[in-house]
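Below: one structure, written as C-alpha cells.
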Amino acid sequence: QVQLVESGGGWVQPGGSLRLSCAASGRIFSIAIMRWYRQAPGEQRELVAAITSGGDTNYVDSVKGRFTISRDNAKNTVYLQMNSLKPEDTAVYYCNFVTGRGGYWGQGTQVTVSS
C-alpha cells in the first residue's frame, strides 16, 4: 500500500517562507512525475509545480521566481520551497506522484499566509 505523507505546512506572514515535503511510503516504482497542487476555498484544484524524473520543472505563472520544486529520488520525496509568500498563496497543498502503475495523492497540508 503506497501512501504519500506531506509535512511543512502552517501559518506564515506575507513575505515569509515555508518548505513542504511529501514522502512516499510502501513499494513504489519509477515515479515519472512529482507534482504539487493547491486548492483554495471555493476554487478548483490548481497545478502549482511539477518535476520529471530527469529534473525538468514547470510552474504556474503566479509562483514563478518564488517557488522551487525539487526531488530526492533515493528517498521518493518531493519538496516545494515557497518564498515571498502572499495571501493569495493560502490553500491546501497536495502532492501527486505519477508512476507506470497509476497515480497517488497526499492528504493535503494547509498553508495560510496572513498578517
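If I compute solvent accessible area with a 1.4 Å probe over the protein chains, what percent of it on the chain is carbon and sulfur?
Within the chain, the accessible surface is 46 percent carbon and sulfur.
The distance between label points at GLN3 and ASP61 comes to 4.0 nm (points 7 Å beyond Cα on the Cα→Cβ vector). In a fully extended conformation the segment linking ARG19 and ALA32 would gain 2.5 nm over its present Cα-Cα distance, using 0.36 nm per residue.
Would you mind putting 76-84, 15-23 in packing order, based on average other-beta-carbon counts within 10 Å, highest first?
With the highest mean Cβ count within 10 Å placed first, the list reads 76-84, 15-23.
Counting only protein heavy atoms and using a 1.4 Å probe, the accessible area of ASP72 comes to about 50 Å².
Just for the chain, what percent of DSSP beta bridges are antiparallel, to the closest 5?
Details: 41 of 45 bridges.
In the chain, approximately 90 percent of DSSP beta bridges are antiparallel ones.
What residue among TRP11, TRP36, TRP105 has the largest mean-square fluctuation in a Gaussian network model of the chain, using Cα springs under 10 Å? Comparing TRP11, TRP36, TRP105 in the GNM, the peak value goes to TRP11. Using a/c under 1.5 as the rounded threshold, could you call the stretch 28-71 rounded, prolate or oblate? The axes a ≥ b ≥ c are square roots of the C-alpha gyration tensor eigenvalues, and prolate needs a/b larger than b/c, oblate otherwise. Oblate, because a/c is 1.5 or more while a/b does not exceed b/c.
The values are calculated or read from the model by the stated rules, or taken from the named source; none is laboratory data. Remember, it's a predicted structure, so these values are computed and weren't measured experimentally. So basically every Cβ, Gly included, is an ideal-geometry build from the backbone, and we count neighbours across all protein chains shown. When the accessible area is computed, the model is the full protein with side chains, heavy atoms only, and any ligands, DNA or RNA have been set aside. Shrake-Rupley method; radii C 1.70, N 1.55, O 1.52, S 1.80 Å.
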